[in-house]
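Colleague: Below is the structure I would like to discuss, written out as structure tokens.
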Amino acid sequence: MSTVAIAPLTESLPAFLASYDFSDIAVIVDNHTSRFCYPDLKSLLPKHTLIRIKSGEEQKHIATCEMIWDALTRANFDRHGLVLNLGGGVIGDMGGFCAATYKRGIAFVQLPTTLLAQVDASVGGKLGIDFRGFKNHIGVFQQPDAVLIDTAFLATLPERELRSGFAEVIKHCLIADAAMWDEIRRRDLAEQDWATLVAHSVEVKKRVVAEDPTEKGLRKILNFGHTVGHAVETYFLNQPRKRLLHGEAIAVGMISEAFIAFQKKMIDKDLLNATEEYIFSVYGNVRLQDEDIEPILALTLQDKKNRGNQVRMSLLDGPGSCAYDIPVTTAEMRRSLEFYRGLNKN
């Protein structure tokens, strides 16, 4: 497990760089981080190569990787270079993937700037890109040399981005810490203590990943809400007017999958009600139409937890507890989406 430091970047980055002798440094940024975050980073670095990409999940594909690899090649990067990924989950996933595969692997550090990346995407060594519309379909497991988290970057986020990242905070509480779940659900989004919650989520994820680094068992619990959630996110990815942020789709997934757990008698009605009421209060509704259901269900067949043609889910089995590799039928998922749609009508 790589080093994770939660501290001002003005302290953590110089200390990290002083411990190594890198031949070259590249910084990957997008439209947003080049404007709002890179100026604070620039003065902390020696001479370096800046690689700009467009922002958004729709850029997370092989063509963007080719651009990054080309930039490293033109800058004559050798195997002793360092890539700094300054951004959210897209840059962390894709920049890390490019570093892990360039000349069979060079050093990289995650500098997460979004709540989503700080509490989830940057920690754990999952790297990858989307392929033919399927989310994170191509990738590798490779731990970064460090994850340097500066919560000051959260002040640069619009509220919608903050809300998106909060879905992963909710997930960590539901699967691993019933007391923290009870605490966060008594507060609105604006009342949350982000410094505490970032540290809490990082500890949850570090603990799980340390036991199962390549997702053969326990690490699968981190995918609660993501079977249905990723299918919903992927389905709307090609509909610009309805496109969802990751956490917005995972919110749909957590409610739907909590309903499946209730139907399987793994959780009681109180936990189901508390889960759907709180998540719905934070995220509102995603309007699913009749014609949306079957395409979403078809996309669950590509989920990486599946075995053969059988969908396997990670489902709550109590407050702060989660089971994994639970077989789920298409009929059960369809009922869960109908349950979610019914909430929209209330």
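The values are calculated or read from the model by the stated rules, or taken from the named source; none is laboratory data. Everything numeric here is computed off the predicted structure, so don't read it as measured data. Ideal geometry is used to build each Cβ from the backbone, glycine not excepted, and the neighbour counts take in all protein chains shown. SASA here: full protein model, heavy atoms, side chains in, ligands and nucleic acids out. Shrake-Rupley method; radii C 1.70, N 1.55, O 1.52, S 1.80 Å.
Colleague: Based on a Kirkwood Rh over C-alpha pairs, give the Stokes-Einstein translational diffusion coefficient of the stretch 276-334 at 25 °C and viscosity 0.890 mPa s in µm²/s.
Modeller: Diffusion coefficient, whole number: 183 µm²/s.
Colleague: If you count only protein heavy atoms and use a 1.4 Å probe, how large is the accessible surface of residue 205, to the nearest 10 Å²?
Modeller: 10
Colleague: Tell me whether the stretch 1-141 comes out rounded, prolate or oblate; compute the Cα gyration tensor, take square roots of the eigenvalues as a ≥ b ≥ c, and use a/c under 1.5 as the rounded threshold.
Modeller: rounded
Colleague: Which angle between 0 and 90 degrees, to the nearest 10, do you get for helix 89-101 versus the longest principal axis of the chain when only C-alpha atoms count?
Modeller: Taking Cα atoms only, the helix is inclined about 50 degrees.
Colleague: Between helix 290-299 and the chain, what is the angle of the helix's C-alpha long axis to the longest principal axis, kept within 0 to 90° and rounded to the nearest 10?
Modeller: 60
Colleague: Counting each DSSP H run of 4 or more residues in the chain as -39500 (n - 2.57), what helix-only mean residue ellipticity at 222 nm follows after dividing by all residues, to the nearest 500 deg cm²/dmol?
Modeller: -14500 deg cm²/dmol
Colleague: Whenever you get a sec, compute what percent of the accessible area on the chain sits on carbon and sulfur atoms (1.4 Å probe).
Modeller: After summing per-atom areas, the C and S share lands at 49 percent.
Colleague: Hey, another quick one. Contact order normalised by length for the stretch 73-229, with contacts defined as Cα pairs under 8 Å and 6 or more residues apart; what percent is it?
Modeller: 20
Colleague: What shape does the stretch 130-255 have by the C-alpha gyration tensor, where a ≥ b ≥ c are the square roots of the eigenvalues, rounded means a/c under 1.5, and otherwise prolate means a/b greater than b/c and oblate the rest?
Modeller: rounded
Colleague: Can I ask one more? Could you state the accessible area per residue of the chain in Å², with a 1.4 Å probe and every protein chain left in place?
Modeller: Using a 1.4 Å probe on heavy atoms only, each residue of the chain averages 43 Å².
Colleague: Testing the spin-label approximation: label points 7 Å from Cα along Cα→Cβ at residue 3 and residue 218. State their distance in nm.
Modeller: Those two pseudo-labels are separated by 2.5 nm.
Colleague: How tilted is helix 269-283 with respect to the longest principal axis of the chain? Cα atoms for both, answer in degrees (0 to 90, nearest 10).
Modeller: Helix 269-283 sits roughly 50 degrees off the main axis of the chain.
Colleague: Can you give the extra length, in nm with one decimal, that the chain gains between residue 291 and residue 15 once fully stretched, where that is 0.36 nm per residue apart less the Cα-Cα distance?
Modeller: The residue 291-residue 15 span can extend by a further 94.0 nm.
Colleague: Pull out a ≥ b ≥ c, the square roots of the eigenvalues of the alpha-carbon gyration tensor of the stretch 23-86, then state rounded if a/c is under 1.5, prolate if not and a/b is larger than b/c, and oblate in the remaining case.
Modeller: oblate
Colleague: Please report the relative contact order for the chain, taking Cα pairs under 8 Å with a sequence separation of at least 6, and give it as a percent rounded to a whole number.
Modeller: 15
Colleague: I'd like the distance between the alpha-carbon centres of the stretch 283-332 and the stretch 198-244, rounded to an integer number of Å.
Modeller: Comparing the Cα centres of the stretch 283-332 and the stretch 198-244, I get a distance of 12 Å.
Colleague: Pairs of alpha-carbon atoms within less than 8 angstrom and 6+ residues apart define the contacts here; what relative contact order does the stretch 189-253 have, in percent?
Modeller: Once normalised by length, the contact order is 26 percent.
Colleague: Can you grab the distance from the C-alpha centre of the stretch 71-113 to the C-alpha centre of the stretch 119-181, Å, no decimals?
Modeller: With the stretch 71-113 and the stretch 119-181 each reduced to a Cα centre, they are spaced 18 Å.
Colleague: Quick one: length gained pulling residue 134 to residue 193 fully straight, 0.36 nm per residue minus the C-alpha distance?
Modeller: This chain segment gains 17.8 nm when fully extended.
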